[in-house]
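Report on one structure; see the data block that follows.
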Amino acid sequence: MKQLWRNIVIKLWGTIILLVAFVLSLLGVFLLPYIDMEFTSNSYEVKRLFVIICIIGFSLTTFFAFFLSSKITQPLLQLKRAADMITMGEYDTKVVIRSNDEIGQLASAFNHMGGKLEGTIRDLNYEKEHLASILGSMTDAVVTFEANGTIISSNPHGERLLAAWKELMGGAEEEGDDASALLGDGRSRIPEPLEEVFRSVVAEVKEVTTKLHVGSGVWSVVMSPLYTSGTLRGAVAVLRDITEEVRLEKLRKDFVANVSHELRTPLSMLQGYSEALLDEIASSPDERRELAQVIHEESLRMGRLVQDLLDLARLEAGRLELNVAETDLTPLLHRVHRKFSTLARDRGIAVLLETAENESLVLARADEDRLEQVLTNLLDNAIRHTPSGKRIVLRAARIESEGGPSVRIEVEDQGDGIPPEDLPYIFERFYKADKSRKRTTGTGLGLAIVKNLVDAHEGAISARSRIGHGTTFAVTLPVDPKSVVVEKRR
């Protein structure tokens, strides 16, 4: 019954019925006594006629209600159903226009509105997909926050970054820390590393650019206020991983400092001893010969440094020529072992060679001289950092790797070892794991040259070390490299 009274036709019909009933009742109150007085002989017939007229009036009212239902209610119901379809996303829904009156004009306006709405939604979806595609293809992380610090949205890189930071922060979530707690609607709060930057942006309502050190990474952060209709809604942050850039900048500065130091030392000695010769401070031939010998050794050292720098530059530029040919590593290993055994014996160090008998260590394309340079640098480095009474093991074996058959060469020493935090950087130019060790006869470029030479042969080099137990350098060379040619390509 309640549902019926919501129908406009029922309401109109009921209103007319009540109005007709009121009029007829009012007439009946005044007419019935008059009929009884004036029509005494046939008052019954007059009253029956009055009742018939009432029934006809009620019937006409009901017929008029059904007429309104077909002309007004049905088109309105169609408009309601069409509106419901549009709310469910079917924007191409149309209403049939049955007349040219106000109802027809309303249906026409509704169809026009639906078409415009469909076009607007299509344009909005296109812009949304376009923006999502741009954000998804960005290498930077983009994260937006509300004014209370909750995360609104983020691109895929931002989601991965937030997940990594959440894991890096440890058990903050388990302890209920606000920095990683979830709100009632399941959205996460701003991560702890960005809290201070976010508060500064919201308080000062201006863009903030800074660098954040999170774990072992360095991030460049640009956070700007986010407005909606002129009101501060929150902030949007763009984060870029600049760990590698910072590391390379540090290496560049260290390289410049180390090169200047390495060159300044022999130049100072050359200048000092040459001035001593010019001032005739040395009174005897032996003293002059000693001064000349120092000048000669320092000039050789400076020449080696310059030559190593040139070789390294050629390697990194891809311009170092490799005289490739089929190379048997067994004679090369024995030759290098004999050369360093004598040198190591004078220092009380044993150099052992371990190779399997009758095992082929032949490389299809390799530069024997450059591989000898690799082994020479590794063994020279091992001898300089191995104390007397210890041993160095040079071993080689054929292995099966992911790229196919390979030869693995290891140089294992029993020195002091390399700290774990220094292992990723030992192949950089002039990098010294032991910052306090005394200057040796090396140029500080040996391992960098070794790595580039191994890369030129499509090989790989790695190092593992334990403090107090020594270091092992492992070189893996493919038996049949695919693209090692006379000149290494870029």
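The values are calculated or read from the model by the stated rules, or taken from the named source; none is laboratory data. Predicted model only: the values in this text are computed from it and were never measured. Ideal geometry is used to build each Cβ from the backbone, glycine not excepted, and the neighbour counts take in all protein chains shown. Calculation scope for accessible area: heavy atoms of the full protein, side chains included, ligands and nucleic acids excluded. Shrake-Rupley method; radii C 1.70, N 1.55, O 1.52, S 1.80 Å.
Of note:
For (1) surrounded by 14 or more Cβ atoms within 10 Å (Cβ to Cβ); (2) of a type in the set (A, V, I, L, M), each residue gets a yes or a no:
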{"position": "G234", "(1), (2)": "yes, no"}
{"position": "L251", "(1), (2)": "yes, yes"}
{"position": "D279", "(1), (2)": "no, no"}
{"position": "E298", "(1), (2)": "yes, no"}
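- Members of the range 220-276 found to be part of a helix (DSSP H, G or I) and of a type in the set (A, V, I, L, M, F, W, C), listed by number: V246, L248, L251, F255, V256, A257, V259, L263, L267, M269, L270, A276
- Residue that is nearest to V143 (Cα to Cα), among those in the range 180-231 that are of a type in the set (S, T, N, Q), modelled with pLDDT under 85 and open to solvent by 30 Å² or more (accessible area, probe 1.4 Å): S188
- Any pair with Cβ under 6 angstrom, 6 or more apart, that starts in the range 375-395 at a residue that is farther than 16 Å from H469 by Cα and ends at one that is of a type in the set (F, W, Y): L378/F473; L379/F340
- Among the candidates V351, V294, residue that is closer than 24 Å to T472 by Cβ, of a type in the set (A, V, I, L, M) and open to solvent by less than 40 Å² (accessible area, probe 1.4 Å): V351
- Test: residue in the range 264-278 that is touching a residue at least 60 places away in the same chain (Cβ under 8 Å) and under 43 Å from the mean Cα position of the chain (by Cα): no
- The residues of the range 376-393 that are in contact with a helix residue (DSSP H, G or I) (Cβ under 6 Å, 6 or more places away or on another chain) and either open to solvent by less than 10 Å² (accessible area, probe 1.4 Å) or part of a strand (DSSP E or B) (or both), listed by number, are L379, I383, I392.
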